[in-house]
1. Take K436 and V304, extend 7 Å from each Cα along the Cα→Cβ direction, and tell me the distance between the two endpoints in nm.
2. Under 5 Å between amide hydrogens, which residues at least 5 positions from T91 or on another chain qualify, with H placed 1.01 Å from N in the peptide plane?
3. Want the number for E483 to E444: 0.36 nm per residue separation, take away the alpha-carbon distance, what's left?
4. With θ set to phi - 60° and the Karplus curve 6.51 cos²θ - 1.76 cosθ + 1.60, what are the ³J(HN,Hα) couplings of region 129-135 in order, to the nearest whole Hz, using x for Gly and Pro?
5. E183 to R397: FRET efficiency via 1/(1 + (r/R0)^6), r the Cβ-Cβ distance, R0 51 Å, to the nearest 0.05?
6. Can you give me the distance in nm between label points at H19 and D166, each placed 7 Å from the Cα along the Cα-to-Cβ direction?
7. List, in the order given, every pair from K45/K381; K392/K447; K102/K125; K277/K381; K45/K525; K277/K394 whose Cα-Cα distance in the structure shown is over 26 Å.
8. Using modelled backbone amide H atoms (1.01 Å from N, in-plane), which distant-in-sequence or interchain residues come within less than 5 Å of L253's amide H?
Amino acid sequence: MIVAFESHGGRLEPFDDGHIPETFGCISEEDVPRIVRYDSSTANKTDVHIYDGVLDSNHACMLYNVTSGGRATLDAQADVRGESPWGTYVTIKEAMDWIEWKKVTSDCSMECNNNCYEAYLMHWKQKITNFCKWRQQNEKKTATDEKKEEQTTTSSSSEAIAVDIDSIRHLLAVEAVAQFFLETIPNQSGTITVASNSNVSPTEQLYQLPQFLQQTHGVAVWALSSQPGHSVLYHIDYAELLRYEYNVTVPPLWAGTIQCSALWNEQAQANKGRFMKGGEFCVNTRGLDHYAEHGYKGTLSGDVSGGWKRIDVTSIYGVHLDEATEWVTIPYAFNRGIVHRGDLPHLSAPVEHIEECSSQVSRVIVGFNVFGHDVGELVSKAPEHSRAFRRKVKLYRATMTNGNNASKDPTKDNQSNLSKGGMYISQIRKNKALTKLLVLAKREKVKEELRRNQEQLSYRIWQRLLQHQRLDSKPLTVSDIVEEFGRADAWPNLNDVHVHLHHVISSVKGREDLHPTRCFHDDTKGIAGVSGARYMLVPVLDEHERGGMIPLSTQLVLVLSNQELPTLKIAR
């Protein structure tokens, strides 16, 4: 697995939590479990922030209904139950678009002050239709006449968007991410802030918005519904599909939940809603050190609760910090949001009892995992609990053979007919659709790995150039870079580095919007001397050198992006 973790503040290191994904039935030396640790501004934050009344109560009710199977649209004939749990992915751009749309809309009727849920549904359907039309218009401002015809067709389909279960869930998630992570958290410290061994002030926000926007690619959103007797065992959140594919644990930058059932604990029984015993959210502030002792679902210690014990509490909010074990216990409460650093281990305690009622009520939790630019795009393709994720898992399981069935192969030649860790080769060959799917998957995987390799090579070259910029006034040449990074027995060889550098340099046209990740680089750590400076890579070419590959003798100069380009010949 090659992902540019280092360029995003992460480092990959061995880490065994006792869990072996089913796709790794036999672990080789190359497949040892690993984890990504992020050396970012969140590294020293072990506080847990709690926000009561984080969403509009009707918004929380809609999230409950689209998860538990209740009615969540204006159309009574629409089947919105779908499957549960469910998952989706919200990019930061989508959430920012939501906020921008709210600012620019001039429709005063978009504000609904009616507490009636049915009235809220009607208002929400119109609101979301207008938002989708606004986004489509913004994205297609420069469309050709031919594209405009497609736009008209697409716009008309947005009228029906609020009766599609996947669209409803996704748009509810967009609104929740925008309100919770972009509007509430950067501006409030939370109703309660619990900090263990921390110098953080109780009034300090968990993060600042500019920092969050710079680090974050998007948010994986999931939801699940639980009945009495159910619980979520001790674990840390991570990018599930990457664990399946590479046995690498990539925790989110931040993790959070919103509790969406009209249920309350005994400390808050004066509030409206049904009584529930149990179902607390519990998080340990020791982080990965604690997780290393107990492992995935307590595999290493044998304790599926990771040492957590239910304790009688007397706090007005029922929140309890056990200073000896560093467990924070937070009772369930309707519309309560909880956020903490992404690598803190946590669990949901068993639901012991829900007050009897005429209709079945479940405990619904909507979860949020914030991912950075290193893995966000990968996670977005198949976020946990989404249909895409389940399809991929189903495919992986279909290509694995149950050892108990191996002897049933009619050829009775198991060793020659079994692919490595997979199904019978004869079975694959007979299934043309599966064969084609596997070939396409392999091709996409190779392309993705090459892209990550190239991104990592660009990062390493930039680090070398910045270091040289500070220490030596004589420019490096293309030959210096090729010889330093070219490898004899693996990618990239000398030619690979030469071609890669040529493409990086030939993208320089004096415009930052062409290839911002290639020809521009932010020196966030001040390696070249100025922290936060943005540099552009410019080659010094002889005026007689035209066309072809950039010569090895070409000198490489770094120029601050806010300065005018020197009079140099640029590689084409």
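Where a number appears in this text, it was derived from the coordinates with a stated rule and is not lab data. Since this is a predicted model, take the numbers as computed values, not measurements. Note that we place each Cβ from the backbone using ideal geometry, even for glycine, and neighbour counts take in every protein chain shown.
1. Modelled inter-label distance: 4.4 nm.
2. V219
3. Values: separation 39, 0.36 × 39 = 14.04 nm, distance 3.01 nm.
Net length gain for the segment: 11.0 nm.
4. Running phi through 6.51 cos²θ - 1.76 cosθ + 1.60 with θ = phi - 60° gives 5, 5, 5, 5, 5, 4, 5 Hz.
5. Efficiency at R0 = 51 Å is approximately 0.80.
6. It is 2.6 nm.
7. In this structure, K45/K381; K277/K381; K277/K394 exceed 26 Å between Cα atoms.
8. Distant-sequence amide H within range of L253: V370, F371, G372.
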